[in-house]
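Written below as C-alpha cells is the structure these notes are about.
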Amino acid sequence: MSDFPPFRLDRANQCVWQSTPDGGEHRLNLRPRAYDMLQYLVDNAGRLVTHDEFLDALWQKVLVQPEVLKAHMLSIRAALGDDPAHPRFIETHRGRGYRFIAPLQNPLPVNTVNTVDAGKPAHGAFVGRTPQLNKLKALFDEACAGESRVVFVAGEPGIGKTTLVNQFLESLEGRADVLTSLGRCVEGYGGTEPYYPVLEALTQLVRGDAGAAVTRSLISIAPTWAAQLPGSVPERHRAALQRQLVGAVSGRMLREICEFFAALSEQRPLALVFEDLHWSDYSTVDMLSALARQRNHARLMVIATYRPEDAEVVQHPLCRLNRDLGLQKLCHGIVLEPLTEGAIAEYLKGKAQHAREDDLAQLVCERSGGNPLFMVATLDHLVAQGIAQSTPDGWKLHVSASEVRLEVPLTLSQVIEHRIQRLTPEQQRVLEAASVAGLKFDAAVLAPVTQISQECVEETCEALCRQESFIRREAPAPPGRIATARIYAFRHAMYRQTFYERQGTLRTARSHLRIAEELEARSATGERSGIAAELAQHFAAARQWSRALAYLRIAIQTAKKRLAYNDALAILDRAMMLAANLPDNARAAAEVEFLEGRVSIFTAAHDRRARETCEQLAARAAKLGLIDIQSRALLSLAYAYSWRDQLRCSQIIDEALALSEQQTNLQQQARTRISCYVWKMWVRGWHADDIHRCEAALEPLRDGDDPFTTAWSQCEYAMVLMVSARYQMAQDTILANYQFLVDHDENRPEFNMARATWMVNLGVPWTLLYLGDFGRAQQEFDRAIAMFGVNGNRYGADTLTLYRCWLQFHAQDFDAMLASCTQVLAETSSETTGRRSTLPAEQRLGILLKGLAHLGLGDTRAARVHLLDVMQRMDSEPVIFDWYWRLSLEWGLANLALAEDALDEATSHAARLVKLATETEERTWQGLAWETQARVALRSGAATDAVRYIDAALAATQHFDTPLADWRIHGTASDAYNLVGDTKNAAHHAELAATKKTALAASLPAGHRLRETLETGG
C-alpha cells in the first residue's frame, strides 16, 4: 500500500481507495491503464516521468499516440479531484511529462521502485513566480473579455522565462474554449528569416485540433501567410494564392496577420507565445507593434519573451518597441528577477525546516545568484559529487555547507563542463556536433560530422532525452525544412554555447562545412529557399564565402517575396560584410550587386535614403568602370530626385544620357536612352526631338538578346504612348510586357517590379478613360485601388484615388470628385499619420482636382483659392508632371474666368492653354484647348473666330480616338454655327455631340451614378 491522503494505492487489487467522512473507503473508478500510469507515478514520486518513459514502460512494442496519455491523465485527475492549475497530486510539465508531488505516508522501499534514474535530481518545481503567473492569468482574463493584451516577459538567460510561460499555458490545458500556440526564434539564421516564430506558431495552429478551421480562415483572411505554409494548404488553393501575391507590398502581411488573429479570437480566445525575441527578425517586431496598436476587441493575448541584455547589445528594435508601447500604455511588462533564498528553499523542500537545509538553500543561492538554470546546474554537480541527494521529502545535504563551498564551480560554464564530463565520449561528440548545427538540430545532419551512423546519432539523442540531459525532443521541422530524423533542441542556449566553445576554430569550421553540404545533398536545388539563411550561416562559418553569398541571395529573394523589406536590407548588410572576404575583383562585383539591391528597395518604398544609396552605387560603379550599372544608378537617382527636386533630376538625366555614349552593349545603351527620354518628358515636358530619339532606340532594344531588358523598357515607353493620344497601343504594350516580367520572375535587382506594377495599374485604367470606356475604367481603378489598399501600399491607393477623380471629372460627378480628393489630402496631411503618403506632385494634383470640383459645383471663390495655390506651387517649385497638369490648370483658370465674366483673363488663359497643348502630341488636350478658346470667343461675341477655333479643334482630333474632347467640341461647334446663322451645321454638330456623349454614358451600366451625372450634366 502507498497512502497519499485521502487516497490509498492498493497494489494487490490494482485499485485506488478514497477515505470517506464516516471512516469508510470508496473505490475509485479507474481504467486499468489509468491505474498503471498512476502507480508508475507514485513509484517514481518526486521525479519527472517523461511521455516517452511512460510509453516505454507501459506500452512496450505498441504504437500509441501521445493524446492517449493526455486522455488517461484527465481521467486520473478527474478521479482524484486534482486541478492542473493548482495541483496537489500530479504536476504537469508542458511538453515533457508529469511528476507526482503529494507526500507519501508509507512509500515502497527504494529497492522496489524503478531505479533507472534513482540517483537523478528531481527538477521542475515552480517556485518564486506566483505573482507573475497570476498577472498573466489576470491579463488573459481581460483579453478574454475583448481587451487584447501584449505582454513582454524579460530576463537574463536561465532566469525562468520559458518555465513561467509554460506554467501559464499548462493552466489553460483542458480548456476546449481556448486556443494556444508557441513560436520560438532561432539564434543565427532565425534572425534573418522573416516571421520565423510566427510561421512556427501558425504551423502548430493548423496542425492542432482546430487545424481545419484555422486553415480555412488563413486562406480566406491571410492568403500571403497561407502561401508561406505550402505543406499545410490544400494543393487546390496554392495556384490561386500565388496569383493573389502579384504586386503585394510589405504592409499586406502585417494587416492580414492582425486580421487573422482577430478573426480567430472571435471563435475562441487565443494565447500566443513568442520566445527569445532578442533573436527575432524585424518583421516579427513590426507585427508585434501592429498587434499592440490595433483598436479592436480581439480576444487575444501575445506573450513575448526576450533577454534585454542580448537585445541591447545588437540594438535590436524590440527594445525600442517595448519602451514606446510602454509609454503609450499599449503593453504590459514582467521582468523576472533572481529567485530569493526563500524561493530556493521552497524549491528544495516545500519549506526549509532544518538548519542543514537552510544552509543548502544559502549555498545554492550564493553560487547560482538566484538564476534557476545556475541553480539546477549546481544541484546536478552536488549530486554527482555525492554531496547532495533529492528525496521524496526534499533535498538532503550530506555534509555541512562550509565543507563544499570551495568545491562548487564558480561559474556556470564550469558547472556545465562538469556535467559534460559525465557523458560518454560518443555523447560528447554528438552534442558538440549538434552545437554547430544550431540550437535546434536534425539528428541525421550530425552523422557526417560525428562519423557515426544516423541511427546511432538518433539513438544517442534519444538516450540523452530520456535522461533529460542537455537536449529535448522537438516538434517536426517547420515548413520548408528537410528532415529525415527526429528534431531535437538544447534545453538552454548556454548548454549549446558551452559545447560549441570547447571545440577549436578549425574543427568547428570543418563541422559547419559538413553540415552545410549534408543539408544541400538532402534538398533539391530549387527547394532550398526555406533553409537558405541556415546554409548561408554554415558556409560563412566554414569561410566558404562565395557559397554563403549564393544562399544569402536566395534569402534576400525570400524576404522580398514576404514583403519584408527591412529584413531584406538586414540580409543585404550581412552579405556586404561577407563580401569583404572575397578576392578583390569578386568582392567589388558583389558589393556593387548588393548595393544595387538596396537601391531597388529604397526607390520602391520612396525611402529618403534612396538618394544617398544611388549616389554611392553610381560612384562605386564609375570607379570600377561598370558603365551599365552606373547608368542604372543615375536613372534611379533621377527618379529619387524627381519626387521633390525637378532641377537636380533634370541634370542627372543629362548625365545618364551622356554616359550612355560609353555603353558598348547596344541593348543596354538603348535601355538607358529610352529611360532618359521618358524621364526627360515627365520632368521637362514634351519635346518632339527627344521623343523621336526615344523611339529610335526601340530598334536596337528589340534586337538585343535579353528579353527582360526589352520588356522593362517597353513598359517605360508605354508612358510616352499614354500621353500622345496612342491610348490603345499604350495599353497593349504595357499589358504584354508586364505580363512577361511577371511570368519570368528572375533575381534581377535592376528591374524594379514595384514600379512596373504601378505603371500597369495606372496605365490600364487611364487609357480606358481616354478611350471613352468609362465603365471598364471605373472597374480597373476600383480594382487597383483595392489591391494597393489590401497590400498596405497607401501611396499607391491614395494616388490612384486622385487619378480616378479624372473619371469623375469627365463624367461631371463633382460631388464624388470633391469628396475623394478632400479625403486624400486630409489623410496625407494628418499629424496622426506620422508622414505623408503622397509626394509633392500628387499633393498639388489633389489641390488642382479640388479646385476643378469646386468650379464644377459653382463655388468660384473656393475654386480660385485652390487653382491659384497650384499655380503658385508650379511657378515657385516645379516638380515632375507639372507640364502635364498645367494643361488642366489653364483649362480650369480659363473656365473660372468665364464663370466670373472676366473675359480678358479668360482670353489670356485660353491662349496659354492652346500654346501649351499644341506643343505636345496629346490630341485630347489639343481639342479641349481649341474648344475652350472657341467658348471664350463666343462669350466675347466673336462668332467667326469661334468657328475658326472649332475647325482647329476638329483638325487636331481628326484620325485620333479623343472621345473625352469630341462631345464638347461638337457641342460648342453647334453654338458657334448657330451664332453665325448656319443652322444646318449647328444641328449636325448638336447631333454628333449627343451621340458622342451617349456613347460615353453607355459604357456605364444603367443606374450607375456616373452615368446619371454625365447624362444630366451640361
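The values are calculated or read from the model by the stated rules, or taken from the named source; none is laboratory data. What you see is a predicted model; the values in this text were computed from it and never measured. Heads up, the Cβs are rebuilt from the backbone with ideal geometry, glycines too, and the neighbour counts pull from every protein chain shown.
The criterion of at least 2 residues that are closer than 28 Å to Ala604 by Cα, modelled with pLDDT under 90 and small (Gly, Ala, Ser) is met, among helices (runs of 4 or more DSSP H) falling completely within region 212-286, by 235-244, 250-267. Restricting region 490-502 to residues that are touching a residue at least 60 places away in the same chain (Cβ under 8 Å) and in a loop (DSSP other than H, G, I, E, B) leaves a set whose member that is farthest from Gln467 (Cα to Cα) is Arg502. Selection of helices (runs of 4 or more DSSP H) fully inside region 503-586 by the criterion of at least 3 residues being basic (Lys, Arg) returns 505-521, 545-561. Candidates in region 561-620 are the residues that are among the aromatic types (Phe, Trp, Tyr) and without any contact (Cβ under 8 Å) to a residue 60 or more places away in the chain; of these, the one that is nearest to Arg755 (Cα to Cα) is Phe602. Could you say whether any residue in region 979-991 is of a type outside the set (D, E, K, R), part of a helix (DSSP H, G or I), closer than 19 Å to Asp813 by Cβ and at pLDDT 95 or above? Scanning region 979-991 turns up no residue that is of a type outside the set (D, E, K, R), part of a helix (DSSP H, G or I), closer than 19 Å to Asp813 by Cβ and at pLDDT 95 or above.
For region 141-184, filtering for residues that are touching a strand residue (DSSP E or B) at 6+ places or on another chain (Cβ under 9 Å) and either in a loop (DSSP other than H, G, I, E, B) or charged (D, E, K, R) (or both) leaves 9. Tallying residues that are of a type in the set (Lys, Arg) and either assigned by TED's automatic domain parsing to the domain that holds Ala754 or on the phi > 0 side of the Ramachandran plot (or both) within region 546-598 yields 2.
For region 799-812, check the following and say yes or no: at least one residue is in contact with an Asp or Glu (Cβ under 8 Å, 6 or more places away or on another chain) and modelled with pLDDT under 90. No, that holds for no residue. The set of residues in region 247-299 that are in contact with an Asp or Glu (Cβ under 7 Å, 6 or more places away or on another chain) and aliphatic (A, V, I, L, M) contains only Leu254. Checked against the criterion of being modelled with pLDDT of 85 or more, more than 25 Å from Leu318 (Cβ to Cβ) and in the same structural domain as Leu321 (by TED's automatic domain parsing), the candidates Glu142, Glu170 yield just one match: Glu170. Considering region 512-534, the residues that are touching a Ser or Thr at 6+ places or on another chain (Cβ under 9 Å) and of a type outside the set (Val, Ile, Thr) include one that is surrounded by the most Cβ atoms within 10 Å (Cβ to Cβ), namely Ala533. For region 292-301, the tally of residues that are surrounded by 22 or more Cβ atoms within 10 Å (Cβ to Cβ) and not small (Gly, Ala, Ser) stands at 3. Please indicate, with yes or no, whether at least one residue in region 702-712 is of a type in the set (Val, Ile, Thr) and under 37 Å from the mean Cα position of the chain (by Cα). So far as region 702-712 goes, yes, one or more of its residues are of a type in the set (Val, Ile, Thr) and under 37 Å from the mean Cα position of the chain (by Cα).
Restricting region 539-597 to residues that are within 23 Å of Tyr195 (Cβ to Cβ) and β-branched (Val, Ile, Thr) leaves a set whose member that is surrounded by the most Cβ atoms within 10 Å (Cβ to Cβ) is Ile571. Answer yes or no: is there a residue in region 894-903 that is within 48 Å of the chain's Cα centre (by Cα), in a helix (DSSP H, G or I) and either acidic (Asp, Glu) or surrounded by 18 or more Cβ atoms within 10 Å (Cβ to Cβ) (or both). No, that holds for no residue.
Within region 417-428, if we keep just the residues that are more than 12 Å from Leu464 (Cβ to Cβ) and at pLDDT 80 or above, the residue that is surrounded by the most Cβ atoms within 10 Å (Cβ to Cβ) turns out to be Glu417. Condition check: within 23 Å of Val678 (Cβ to Cβ), in a helix (DSSP H, G or I), in contact (Cβ under 8 Å) with a residue 40 or more places away in the chain and not assigned by TED's automatic domain parsing to the domain that holds Thr799. Does Trp925 satisfy that? Spelling it out, Trp925 is indeed within 23 Å of Val678 (Cβ to Cβ), in a helix (DSSP H, G or I), in contact (Cβ under 8 Å) with a residue 40 or more places away in the chain and not assigned by TED's automatic domain parsing to the domain that holds Thr799. Could you list, in sequence order, all residues of region 813-853 that are over 30 Å from Thr1016 (Cβ atoms), modelled with pLDDT of 90 or more and among the polar types (S, T, N, Q)? Selection gives Gln843 alone.
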